[in-house]
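Structure first, then comments.
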Amino acid sequence: MRKHILWLLLTCFCTLTRAEDKMQRHKAFRAGEVLTYDAYYNLGMLWVHAAEVRFAVGQKSIAGVPVYAFEASGKSLEKYDWFFKVRDEFKSYVNIEKFAPVYAEKRTEEGKLTVYESYTFDATEKQILTAVSRNNEAIRRDTLPLKEGSFDILTGVYYCRIMNLDNCKVNDKIQVRLLMDAKPFVLNVRYLGKESVKDRANRSYRCLKFSTRPMAGSVFKGGEDVVVWVTDDERRIPILVEAKILIGSVKAYLNKAEY
């Protein structure tokens, strides 16, 4: 469940070329920011508050290099654990100056499946060292080529918030390179224009709207759009996310933004 909401928030990409040409440095977020979301699942005619998600930004130094320390966690509410228990944690370290991922890790428990993944980004050798384990099996290690503009999923969420969208036009599409399950893949995203939306507290936000069509399988229905609205300002905070999944529909609303 937590991983699925990360997928949804990734759709706030618009245009992607060279990172140094497109970034709005240090405007969208800073160390100390915490965003929390409430996830609602639709089963028939009923919308159920079933999960909570938290994103946090920190800052530290690795080998003398300043890095962002991104963390995300999510869990199903305990009263719904009988249905599908989720306890997920993600973390990523990112070179602040270049906004290039250095290390990423995830530990997820979703139903009966537990997953551990880590990615070490070696910019010198232009490779990514991966380590994967399912259900506490022996860790499988591999090496992938490091291509420019490749991100782990959590770093991708933050990268989309610092991109310069000044020249973005309605229906513009891009291809985004991401890592998921220790494999590279391309996500196609479309910009849909500007629109005002309300949160669960009936507060209105002027937003930029984006959509994508993830691959069929996992929890998503093939051919269905995932749609996200992010604030139309320099912070680019995701306010609302909607998607159809195999067991119904899901919405994620921003609950609180702390800076």
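Listed values, structure above:
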quantity	calculated
Identity of the residue in region 126-151, exposed (fewer than 11 other Cβ atoms within 10 Å of the Cβ) and closer than 28 Å to residue 175 by Cβ, that ends up farthest from the chain's Cα centre (by Cα)	145
Criterion (assigned to a strand (DSSP E or B), of a type in the set (Val, Ile, Thr), more than 22 Å from residue 183 (Cβ to Cβ) and under 19 Å from the mean Cα position of the chain (by Cα)) met by exactly one of 53, 115, 102	53
Residue check, residue 80 in a strand (DSSP E or B) and either surrounded by fewer than 16 Cβ atoms within 10 Å (Cβ to Cβ) or out of contact with any helix residue (DSSP H, G or I) (no Cβ under 6 Å at 6 or more places or on another chain) (or both)	no
Residue match in region 15-36 (condition: closer than 23 Å to residue 252 by Cα, among the hydroxyl-bearing types (Ser, Thr, Tyr) and modelled with pLDDT of 90 or more)	yes
Qualifying residue in region 97-108 (condition: among the aliphatic types (A, V, I, L, M), touching a helix residue (DSSP H, G or I) at 6+ places or on another chain (Cβ under 7 Å) and surrounded by 14 or more Cβ atoms within 10 Å (Cβ to Cβ))	yes
Residue among 250, 230 that alone is crowded, with 19+ Cβ neighbours inside 10 Å, out of contact with any Gly (no Cβ under 7 Å at 6 or more places or on another chain), at pLDDT 90 or above and part of a strand (DSSP E or B)	230
Where residue 159 falls short, out of the listed (1) within 27 Å of residue 64 (Cα to Cα); (2) assigned to a strand (DSSP E or B)	(2)
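The values are calculated or read from the model by the stated rules, or taken from the named source; none is laboratory data. Remember, predicted model here, so these are calculated numbers, not experimental data. Quick reminder, even Gly has a Cβ in these numbers, built from the backbone with ideal geometry, and neighbours come from all protein chains shown.
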